[in-house]
Amino acid sequence: MSELPIPFLVLVVIVVLYLFNSIKILRDYERAVIFRLGRALATPKGPGIIFVFRPIDQMIRISLRQEVLEVPPQDVITRDNVTIKVNAVVTLYVVDPNAAAIKVSNYVYQTSQFAQTTLRSVLGEVELDELLSHRDKLNLRIQSIIDQRTEPFGVKVISVEVKQVDLPEQMLRAMAKQAEAEREKRSKIIHAEGEFNAAQKLVDAAALLATQPITLQLRYLQTLTEIGVEKNTTIIFPLPVELLTLLNKAATSGTPQPGEQESSR
């Protein structure tokens, strides 16, 4: 058996090494956009084992996992002319690897710039109170606008959350005074409602006692019992209620009426 020539063996070794070098392993969340002779293949490859035949093929790895992008603090002037600093968090992922690799040079940077400009424009159209009280609605609006702008290059924006709103010191003091005034207003309203309810109950009690005069004397005796239980130096002289009624009638009958005073003159 004749031995193989050395050049042939060298060629075989080179081919084997080239094939081993052409093997690429992609994780389950990765896709490979292959450029063959400068043209992108219609379908990205992966996951698993793929072959990339260099220098004919060139590969760009694209991750399909969700990415969290933090928008740096932005100076925003609200519609009611309040200057604030606002930052946000954007959650996104790639839905079209080919578009993300071909149509933009860096889809993360592109999305970041869109998020910054959209955050300033949307929050500049609302007042400060709306920004603080309707943050969820504003988050959905910003997310919808950014998602429309990133859709052409294969990026899906899942959510946008306004992370922090930094207010000026003067505005914080004004809001604290407003909250204190609101609490005081509620306190006065509750106190007034309590006084009104108490007066209403007293009117009802008086009307009930008027129907049965004996109940007033029973209540008088009950009060005396409650006072007598406590250890004090209070001296009480009980008087019949009828005596007080007679004295009241006598005082009323003894006082001249306005018509009588004029006739006596």
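So, V86, is that one at pLDDT 90 or above and over 30 Å from F20 (Cβ atoms) or not?
yes
Would you tally the residues in segment 120-173 being under 30 Å from V33 (Cβ atoms) and not aromatic (F, W, Y)?
Residues in segment 120-173 being under 30 Å from V33 (Cβ atoms) and not aromatic (F, W, Y): 18 in total.
Here's the yes/no breakdown for (1) modelled with pLDDT of 90 or more; (2) out of contact with any Ser or Thr (no Cβ under 9 Å at 6 or more places or on another chain); (3) assigned by TED's automatic domain parsing to the domain that holds I84; (4) over 30 Å from Y107 (Cα atoms):
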site	(1), (2), (3), (4)
K163	no, yes, yes, no
P168	no, no, yes, yes
K177	no, yes, no, yes
A181	no, yes, no, yes
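Here's the yes/no breakdown for (1) in a helix (DSSP H, G or I); (2) loosely packed, with under 10 Cβ neighbours inside 10 Å; (3) in contact with a Phe, Trp or Tyr (Cβ under 7 Å, 6 or more places away or on another chain); (4) in contact (Cβ under 8 Å) with a residue 24 or more places away in the chain:
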| residue | (1), (2), (3), (4) |
| --- | --- |
| E161 | no, no, no, yes |
| Q170 | yes, yes, no, no |
| M175 | yes, no, no, no |
| E182 | yes, no, no, no |
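Just need a number here: residues in segment 117-152 that are over 16 Å from K163 (Cβ atoms), over 12 Å from the mean Cα position of the chain (by Cα) and in a helix (DSSP H, G or I). Reasoning before the result, please.
In the first step, residues of segment 117-152 are kept if they are over 16 Å from K163 (Cβ atoms); the result is 117, 121, 124-130, 133-134, 137, 141, 144-145, 147-152.
This time we only want the ones that are over 12 Å from the mean Cα position of the chain (by Cα), so: 117, 121, 124-129, 141, 144-145, 147-152.
Still in the running and in a helix (DSSP H, G or I): 117, 121, 128-129, 141, 144-145, 147-152.
The number of residues fulfilling the criteria is 13.
Output the residue which, of all residues in segment 187-214 that are small (G, A, S) and modelled with pLDDT of 85 or more, is nearest to the chain's Cα centre (by Cα).
Per the criteria, the residue is S187.
Residue by residue through segment 101-115, note down the ones that are in a helix (DSSP H, G or I) and more than 21 Å from H134 (Cβ to Cβ).
Across segment 101-115, the qualifying residues are A101, I102, Y107, V108, Y109, Q110, T111, S112, Q113, F114.
Under the condition of being assigned to a loop (DSSP other than H, G, I, E, B) and at pLDDT below 90, which residue from segment 1-27 is farthest from K103 (Cα to Cα)? Please lay out each step first, then the result.
Quick first cut of segment 1-27, residues assigned to a loop (DSSP other than H, G, I, E, B) only: 1-5, 27.
If we keep only those that are at pLDDT below 90 too, we end up with 1-5.
Working: M1: 59, S2: 57, E3: 55, L4: 51, P5: 50 Å.
Among those that are assigned to a loop (DSSP other than H, G, I, E, B) and at pLDDT below 90, it is M1.
Residues that are free of Cβ contacts under 8 Å to residues at least 40 places away in the same chain, surrounded by fewer than 17 Cβ atoms within 10 Å (Cβ to Cβ) and touching a Leu at 6+ places or on another chain (Cβ under 9 Å): which strands (runs of 3 or more DSSP E) entirely in segment 28-80 hold 3 or more of them?
Of the strands (runs of 3 or more DSSP E) lying wholly inside segment 28-80, those with at least 3 residues that are free of Cβ contacts under 8 Å to residues at least 40 places away in the same chain, surrounded by fewer than 17 Cβ atoms within 10 Å (Cβ to Cβ) and touching a Leu at 6+ places or on another chain (Cβ under 9 Å) span 48-51.
The values are calculated or read from the model by the stated rules, or taken from the named source; none is laboratory data. Not measured: the values here are computed from a predicted model. A quick note on method: Cβ atoms are made from the backbone with ideal geometry, for glycine too, and the neighbour counts reach across all protein chains shown.
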